[in-house]
Amino acid sequence: MAAHTPDDSTRMANAIRALAMDAVQQANSGHPGAPMGMADMAVALWDRHLKFNPADPHWPDRDRFVLSNGHASMLQYALLHLTGFDLPIDELKRFRQLHSKTPGHPEVDVTPGIETTTGPLGQGFANAVGMALAEKLLAHEFNRPGHAVVDHHTYVFMGDGCMMEGISHEAAALAGAWRLNKLVALYDDNGISIDGPVKPWFIDNVHQRFEACGWQVIGPIDGHDADAVDAAIAQARQSADAPTLVICRTVIGQGSPHRAGSAKAHGEALGVDEVAATRAAIGWSEPPFVIPDAVYALWDHRARGAAAQRTWQQGFDGYRAAHPELAAELLRRMAGALPADFDAVAAQALHSAQAKAETVATRKASQIALEAFTRALPEMLGGSADLTGSNLTNTSSTPALRFGDDGASNGGRHINYGVREFGMAAVMNGIALHGGFIPYGGTFLVFSDYCRNAVRMAALMRRRVVYVFTHDSIGLGEDGPTHQSVEHAAALRLIPNLEVWRPADTAETAVAWACALREAHRPSALLLSRQNLPAVSKAAAEQIARGAYVLAEAPGRARALIIATGSEVALALQARELLAAERIGVRVVSMPSTSVFDRQDRKYQLAVLPPKLPRIAVEAGVTAGWWKYGCAAVLGVDRFGE
């Protein structure tokens with residue numbers, strides 16, 4: 001912790017306020033009020049507690065900081081610039097401009113030091129829960145007496161909007177149940193949203209709500225008193241068995257003479273005159289985007305950060321000397337590399353599936369594949385939103401994760417998320433972002449709507465998360481149209497960078513899982529049947545992995561071609577036999593992944609789908625999406641399954 005005077009802390013906070021209002025004013029777009037209101041909170045955390053090294057944003061044991069109220073992005077950009085990250089002042093001048101490193105909302109892998117992409121309110125908070133869980137589980141697995149090589153905190157700033165979003169309830173309950181004592185949330189309680197003062201529509205007793213979820217709650221405290229926030233964070237860091245919420249009462253747009261405390265400070269530039277008035281009010285005489293050297297010196301974290309990382313590295317070197325295999329495994333997993341024998345494991349999974357040729361539901365085929373993969377990949381961390389027995393996401397290698405009264409983990413690798421699909425998906429994003437695990441989680445395909453925005457965020461962030469969506473069509477039967485997926489496969493295929501697989505049998509399911517695990521920069525969704533399906537594919541892994549392949553060639557001259565996925569592939573093969581009896585030759589193409597096939601080279605696509613061969617697509621879902629393949633007809637279900 002730096003030994004700074006109260007005047008120093010005020011100047012440091014005012015530097016954030018100045019940069020925030022200058023950048024928003026120059027862009028004539030953005031949210032100046034929240035950064036100005038949270039500036040003192042940021043001084044307390046970033047200057048006095050947060051463990052990080054600006055020279056190495058990916059240091060494994062850094063503390064994680066998440067700005068869940070991502071519209072306040074200028075707060076984080078100011079902090080990154082001031083503390084010494086590779087974010088020059090010219091990038092702050094380009095705030096909200098195309099291809100800048102300072103987009104309107106924080107984006108991971110765009111700006112150094114950003115841990116997750118935030119903006120959809122509440123999801124950053126849930127990401128932070130996932131990060132804290134990953135830290136706790138890795139510490140349990142890898143730390144040894146005298147060697148605490150995984151030992152960091154996760155901090156999250158959140159606002160009224162995050163609290164209003166339902167996902168915050170889901171994530172808070174999980175964090176309490178998991179006793180995530182190294183998770184500290186600081187709530188910017190300013191009572192203002194875009195529509196104005198929140199009292200008419202937000203009357204929650206946040207203090208009691210979080211206490212009811214098993215959190216330690218501190219405050220309300222004065223969020224503009226950096227010393228008070230500092231003391232609250234210090235108290236939070238002592239928690240042994242519960243996450244902590246610090247309620248910080250603040251004034252949005254703090255320092256602005258005419259807009260502070262009002263919705264006018266929330267989502268628009270203050271205006272040239274009000275910026276000038278604010279400068280005068282806070283005693284900031286510097287021109288726009290100019291920070292005095294003395295203030296830069298107060299904020300500069302480069303030497304402290306490098307020293308902290310050196311200390312950790314020395315400890316890790318000792319750990320590696322004492323436990324070389326554990327050290328190598330931790331580094332492999334944090335790097336996201338698969339085990340050296342992964343290809344052999346994947347090949348054996350396919351060989352076994354084709355040799356046994358079992359008639360099972362593809363959800364069961366998924367569990368069979370998972371038995372092999374979870375045994376070989378200790379980083380696989382599974383779960384289900386209260387549908388374990390239906391999704392079949394558990395294996396003999398993944399016992400249920402539980403925590404004792406003392407907060408200690410039992411080392412389980414399968415999470416019971418409860419009926420919280422959205423929370424599950426966003427927590428999995430946080431786990432993936434932290435590193436060290438490959439998260440996967442299950443629910444019914446029809447409930448993918450509940451978690452869709454978190455799925456979208458995983459695709460946007462290019463993170464390896466796997467969704468096990470079972471009961472994938474009207475074939476699920478008796479539950480009726482409320483549970484019978486019709487539009488969901490097509491809807492998921494619309495999400496850019498999301499790999500969608502709908503395998504037809506055990507072989508295709510094994511390959512789908514192998515491909516999902518190899519995809520280090522894409523999430524994958526596996527759409528799986530409830531009903532039993534026959535084994536149909538003897539194709540090589542390389543063929544299936546290209547997203548579509550010729551499953552059965554036409555007897556004699558081909559006069560048409562049927563494209564099918566999942567449970568309809570077996571039907572297509574039956575149709576081929578019936579048509580052959582009528583002397584009509586039909587090629588059958590299995591297309592387990594349209595997204596993968598669409599990325600293949602043109603030569604391969606034309607080899608599978610010859611241009612002059614009439615095409616018919618068959619899938620038990622809406623027909624939209626199939627016409628792009630030049631189909632003469634599409635057989636599907638363009639209504640609910642009444």
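The values are calculated or read from the model by the stated rules, or taken from the named source; none is laboratory data. Source: prediction; values computed, not measured. Every residue, glycine among them, receives a Cβ derived from its backbone with ideal geometry; neighbour counts consider all protein chains shown. Quick note on the areas: whole protein, heavy atoms, side chains included, nothing else; ligands and nucleic acids left out. Shrake-Rupley method; radii C 1.70, N 1.55, O 1.52, S 1.80 Å.
Restricting Asp293, Asp317, Asp300, Asp341 to those that are touching a residue at least 12 places away in the same chain (Cβ under 8 Å) and open to solvent by 60 Å² or more (accessible area, probe 1.4 Å) reduces the list to Asp341. Any idea which residue in region 265-290 is nearest to the chain's Cα centre (by Cα), counting only those that are open to solvent by 40 Å² or more (accessible area, probe 1.4 Å) and within 22 Å of Ser9 (Cβ to Cβ)? If we take residues in region 265-290 being open to solvent by 40 Å² or more (accessible area, probe 1.4 Å) and within 22 Å of Ser9 (Cβ to Cβ), then Val290 is nearest to the chain's Cα centre (by Cα).
When the test is whether a residue is out of contact with any Asp or Glu (no Cβ under 7 Å at 6 or more places or on another chain), outside any loop (DSSP other than H, G, I, E, B) and farther than 30 Å from Ala228 by Cα, Ala328 passes it. Residue pairs whose Cβ atoms lie under 9 Å apart, sitting 6 or more positions apart in sequence or on different chains, and linking a residue in region 235-247 that is closer than 16 Å to His152 by Cα to a partner that is among the acidic types (Asp, Glu), are Ala240/Asp406; Asp241/Asp405; Asp241/Asp406. Which one of Arg96, Arg64, Arg11 is charged (D, E, K, R) and under 20 Å from His152 (Cα atoms)? Going through Arg96, Arg64, Arg11 in turn, the sole match is Arg64. Note on region 384-404: residues that are within 19 Å of Pro243 (Cβ to Cβ) and buried (at least 19 other Cβ atoms within 10 Å of the Cβ) amount to 1. Scanning region 359-381 for residues that are crowded, with 19+ Cβ neighbours inside 10 Å and not hydrophobic (A, V, I, L, M, F, W, C) returns Thr362, Arg363, Lys364, Ser366, Gln367, Thr374, Glu379. If the condition is being among the acidic types (Asp, Glu) and closer than 25 Å to Ala128 by Cα, then region 226-269 contributes Asp227, Asp230, Asp241. The residues of region 167-224 that are in a helix (DSSP H, G or I) and open to solvent by less than 20 Å² (accessible area, probe 1.4 Å), listed by number, are Ile167, Ser168, Ala171, Ala172, Leu174, Ala175, Gly176, Val206, Phe210.
The one condition from (1) open to solvent by 40 Å² or more (accessible area, probe 1.4 Å); (2) closer than 25 Å to Ala607 by Cβ; (3) in contact (Cβ under 8 Å) with a residue 12 or more places away in the chain; (4) not hydrophobic (A, V, I, L, M, F, W, C) that Glu568 does not meet is (1). Consider Arg11 carefully, then state whether it is within 25 Å of Gln313 (Cα to Cα) and surrounded by fewer than 24 Cβ atoms within 10 Å (Cβ to Cβ). Against the criterion (within 25 Å of Gln313 (Cα to Cα) and surrounded by fewer than 24 Cβ atoms within 10 Å (Cβ to Cβ)), Arg11 does not qualify.
For region 590-621, a residue qualifies if it is within 18 Å of Leu492 (Cβ to Cβ) and open to solvent by 30 Å² or more (accessible area, probe 1.4 Å), and the qualifying residues are Asp598, Arg599. Pairs are defined by a Cβ separation below 9 Å, a sequence spacing of at least 6 or placement on different chains, a first member in region 493-510 that is free of Cβ contacts under 8 Å to residues at least 40 places away in the same chain, and a second member that is open to solvent by less than 10 Å² (accessible area, probe 1.4 Å); the pairs so defined are Pro496/Ala459; Asn497/Ala458; Asn497/Ala459; Asn497/Pro523. Which residues, taken from region 78-116, are over 21 Å from the mean Cα position of the chain (by Cα) and hydroxyl-bearing (Ser, Thr, Tyr)? Within region 78-116, Thr83, Ser100 meet the criteria. In region 6-17, is there at least one residue being part of a loop (DSSP other than H, G, I, E, B) and over 30 Å from Arg333 (Cα atoms)? Within region 6-17, none of the residues are part of a loop (DSSP other than H, G, I, E, B) and over 30 Å from Arg333 (Cα atoms). Is region 248-264 home to any residue that is touching a strand residue (DSSP E or B) at 6+ places or on another chain (Cβ under 6 Å), open to solvent by 30 Å² or more (accessible area, probe 1.4 Å) and closer than 27 Å to Asp63 by Cβ? Checked against the condition, which is being touching a strand residue (DSSP E or B) at 6+ places or on another chain (Cβ under 6 Å), open to solvent by 30 Å² or more (accessible area, probe 1.4 Å) and closer than 27 Å to Asp63 by Cβ, region 248-264 yields at least one hit.
Restricting to region 483-500, and then to whatever is open to solvent by 10 Å² or more (accessible area, probe 1.4 Å) and assigned to a helix (DSSP H, G or I), can you tell me which residue is nearest to Gln367 (Cα to Cα)? Out of the qualifying residues, it is Ala489. Among residues of region 156-180 that are farther than 16 Å from His71 by Cβ, those with a Cβ under 9 angstrom from a residue that is aromatic (Phe, Trp, Tyr) and not in a helix (DSSP H, G or I), sequence gap 6+ or separate chain, pair up as Glu170/Tyr417; Ala172/Trp215; Leu174/Tyr417; Ala175/Trp215; Gly176/Trp215; Ala177/Phe403; Trp178/Phe403; Arg179/Phe403. Can Pro503 be described as crowded, with 18+ Cβ neighbours inside 10 Å and part of a loop (DSSP other than H, G, I, E, B)? Taking the combined requirement at face value, the residue satisfies it. With the condition kept exactly as written, say whether any residue in region 209-218 is closer than 19 Å to Gly70 by Cβ and charged (D, E, K, R). No, that holds for no residue. Can you report the number of residues in region 439-452 which are open to solvent by 10 Å² or more (accessible area, probe 1.4 Å) and not aromatic (Phe, Trp, Tyr)? The total comes to 3.
Note on region 405-434: residues that are open to solvent by less than 10 Å² (accessible area, probe 1.4 Å) and on the phi > 0 side of the Ramachandran plot total 1. Pairs are defined by a Cβ separation below 7 Å, a sequence spacing of at least 6 or placement on different chains, a first member in region 375-388 that is over 19 Å from Met334 (Cα atoms), and a second member that is hydrophobic (A, V, I, L, M, F, W, C) and open to solvent by 10 Å² or more (accessible area, probe 1.4 Å); the pairs so defined are Ala385/Val419; Asp386/Val419; Leu387/Phe444.
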